[in-house]
Amino acid sequence: MRKTSILFIAGIVIVLALGFLLPWTVRNPFYFFVGYVVLQYVTIATGWNILGGYAGYINFGAAGFFGAGVYLSAFLFTTFGLPLPLCILAAAVFGAVLGLLMGYLTLRIQGVYFAIATLGLVVVLETIVHNISALGGASGMAVYGPRPPAWSPGPSQYNFTIMLVIAVAAVSLARFVEISWIGRGLRAVRASEDAAECSGVPTLRLKLLACALSGAVLAMAGAPYPFYTSFVEPVTAFSLIIGLNAIAMPLIGGTKSWAGPVLGALLLASVQQIATVTISSELNILFVGLVLIAFVAFAPGGLSDLFGRRQGRAKS
Amino acid sequence: MSDTILSLKGVEKHFGSFRALGPVDLDLRVGERLGIIGPNGSGKTTLINCITGVYRPDKGSVHFQDRDISHIEAHKRARLGISRSFQIPRPFTGMTVLENLLVPLDYCQVDGSKEERARSVLASVGLSGRISDPSEKLTQLELRKLELARALVGNPEVLIADEAMAGLSEEEIDEVLAILFALNKSGVAVIMIEHIMHAVMRFSERIVCFETGRLIATGTSSEIAENPLVQKVYFGE
């Protein structure tokens with residue numbers, strides 16, 4: 001096994017151990033309430049980057065997948081009493097199928113047309129949810145989550161740990177994609193689709209796979225959300241801020257590697273949470289916009305590229 | 001099996017009402033060196049795109065090793081053994097030189113270690129010293145060599161070199177020609193599309209000339225040079 005893989009696995013073990021231990025050592029549940037949102041965005045940014053970063057297909061429909069995960073999980077739990085892990089698994093499968101469908105319908109178009117088509121997905125799904133009374137329609141639905149198990153001290157801590165496991169799974173998947181033949185093929189597609197196809201890369205099939213994986217992760221990120229808020233409504237589940245953050249965070253962190261979206265999400269989501277508490281929740285979008293403009297102008301490769309260049313310069 | 005490895009029968013390609021190519025009938029023999037010439041817009045690249053599967057012909061058929069591949073996708077044709085380089089180099093940016101070659105090796109069947117195969121092909125085109133460099137840092141000549149190496153790494157039966165020498169100096173042209181001659185010696189049929197006439201004349205056993213999408217002449221270098229139709233295309237009445 002490569003040294004980087006061993007380090008990655010060690011890192012995961014440490015993060016997971018902290019995720020299970022911290023709820024028993026940190027008393028204030030608010031930190032876990034905030035931490036949940038940060039980890040949710042780590043998952044969203046990581047999921048988005050599989051298609052948007054590796055393959056270069058800018059997906060404006062992240063909120064559509066997230067919202068689908070939110071509603072499917074809420075519906076399965078309230079209607080059938082399905083346990084949370086199964087709700088998350090079902091959301092992942094549904095997200096993958098939705099991703100395949102979106103990919104099949106849109107992947108033959110490129111650039112701005114693809115982006116517009118994916119934006120349409122959010123509008124379509126939100127409209128569908130608005131018109132289904134079993135999902136609460138426009139007024140939303142209340143979801144009273146499961147009692148936390150004995151290994152977790154409270155609901156906020158439980159949601160946090162669940163989201164941490166999802167985030168770790170998402171990052172591990174993204175890393176596997178990145179270092180495998182899938183990632184190499186997707187990066188070739190990003191560089192030149194014709195050249196990739198003429199090199200034997202099944203570009204359409206690979207892009208469909210990326211759509212499915214990305215959709216699965218994005219929907220999975222939404223699955224625990226009903227239990228976190230105890231209430232879901234279309235406006236928040238398919239919110240613009242989710243779609244915007246899904247793009248902004250990988251761009252700020254860097255899209256070439258799995259670490260970029262993680263870094264971008266940790267940074268931006270943390271600052272957003274601090275701004276929400278100390279200034280105003282309404283300033284979030286303005287803040288994201290300003291940071292995004294600054295990065296596009298001064299560090300288009302994102303933070304990881306910036307660090308990489310500094311390291312390169314230091315070595316030489 | 002016949003000694004024809006690639007065969008085009010009545011191939012036509014239209015873009016709207018504009019006929020970009022055809023009808024074209026053309027055979028390539030096993031291990032042959034075929035040159036394709038013609039002015040800009042004569043349909044050379046469209047022809048290549050029809051052979052490699054980037055375009056599907058509107059009429060006619062493409063046969064490879066006696067098999068109709070007209071409706072087979074481009075990546076499957078590459079795996080069958082039809083490989084190409086591009087007129088404007090298209091390196092897989094964001095990857096090293098070595099990784100550029102690992103992409104086709106991930107998807108094409110090649111015996112032995114992928115990395116060893118990639119390294120040996122890079123050595124054969126003179127890029128051993130650049131293996132770990134990002135492809136963005138290569139010179140024009142090195143980019144041309146990388147294009148060829150990427151096309152060769154999957155062990156093709158046919159290589160199509162689309163203006164692989166454009167923009168190169170005389171010494172650099174000699175280098176690329178030496179690579180193509182060595183490759184052909186190993187049994188690979190090479191189709192060379194080129195505007196650099198002395199290179200095509202030196203390299204090709206047979207040359208075909210296109211004008212406005214039609215094949216107007218075929219023959220050896222000297223026959224093509226003396227063909228009045230070819231002279232008319234290049235020098236006017």
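Can you return the lysines within cross-link range of B:Lys9? Criterion is Cα-Cα under 24 Å, with same-chain partners fewer than 8 residues away left out. Correct list for B:Lys9: B:Lys44, B:Lys59, B:Lys76.
For B:Ile216, the amide hydrogen comes within under 5 Å of the amide hydrogens of B:Cys209, B:Phe210, B:Glu211, counting only partners 5 or more places away or on other chains and with H modelled in the peptide plane.
Put simply, the amide H of B:Ile5, placed in the peptide plane, has neighbours under 5 Å in B:Leu28, B:Arg29, B:Val30, leaving out anything fewer than 5 places away on its chain. Simple rule: put +1 on each Lys or Arg Cβ and -1 on each Asp or Glu Cβ in region B:1-95, find the dipole, and look at B:Cys50, B:Gly22, B:Thr4; the Cα lying farthest toward the positive end is B:Cys50.
Mean-square fluctuation check for chain A, GNM, Cα pairs under 10 Å: which of A:Leu218, A:Leu290, A:Leu89 is largest? Comparing A:Leu218, A:Leu290, A:Leu89 in a Gaussian network model of chain A, the most mobile one is A:Leu290. Which lysines have a Cα lying under 17 Å from the Cα of B:Lys137, excluding residues fewer than 8 positions away in the same chain? Output for B:Lys137: B:Lys145. Kirkwood hydrodynamic radius computed over the protein assembly as shown comes to 26.1 Å, based on all pairs of distinct alpha carbons. The distance from the alpha carbon centre of region B:167-197 to that of region B:95-160 is 17 Å, rounded to a whole number. Estimated purely from DSSP H runs of n ≥ 4, each contributing -39500 (n - 2.57), the mean residue ellipticity at 222 nm for chain A is -25000 deg cm²/dmol once divided by its residues. Counting, for every residue in B:87-95, the Cβ atoms of other protein chains within 10 Å of its Cβ and taking the mean gives 5.
Taken over region A:180-316, the convex hull of the Cα atoms encloses 156 Å³ per residue. Counting only protein heavy atoms and a probe of 1.4 Å, the accessible surface of the protein assembly as shown is 62% carbon and sulfur. Per-residue SASA remark: B:Asp58, around 80 Å² accessible (1.4 Å probe; ligands, DNA and RNA not included). Working note: Debye formula, equal point scatterers on the alpha-carbon atoms of chain B, no solvent; log10 I(q)/I(0) at q = 0.07, 0.16, 0.18 Å⁻¹ is -0.22, -1.16, -1.42. Buried surface between chains A and B: roughly 1800 Å² of accessible area, summed over both sides, computed with a 1.4 Å probe on protein heavy atoms only. Membrane-span-like helices in chain A, defined here as complete DSSP H runs extending at least 18 Å along the helix axis by their C-alpha atoms with mean Kyte-Doolittle hydropathy no lower than -0.5, are A:3-25, A:30-49, A:62-80, A:84-106, A:111-130, A:155-179, A:203-222, A:240-253, A:259-278, A:283-298; this is a sequence and geometry rule, not a statement about a membrane.
Its Cα centre serving as origin, chain A has a Cβ charge dipole (Lys and Arg +1, Asp and Glu -1) of approximately 1000 debye.
Chain A has equivalent-ellipsoid semi-axes of 29, 24, 19 Å, by the square roots of 5 times the alpha carbon gyration tensor eigenvalues, sorted largest first.
The values are calculated or read from the model by the stated rules, or taken from the named source; none is laboratory data. Only a predicted model underlies this, so the values are computations on that prediction, with no experimental measurement involved. Cβ sites come from the backbone with ideal geometry, for glycine too, and all protein chains shown count toward neighbours. The area values use the complete protein model at the heavy-atom level, side chains included, leaving out ligands, DNA and RNA. Shrake-Rupley method; radii C 1.70, N 1.55, O 1.52, S 1.80 Å.
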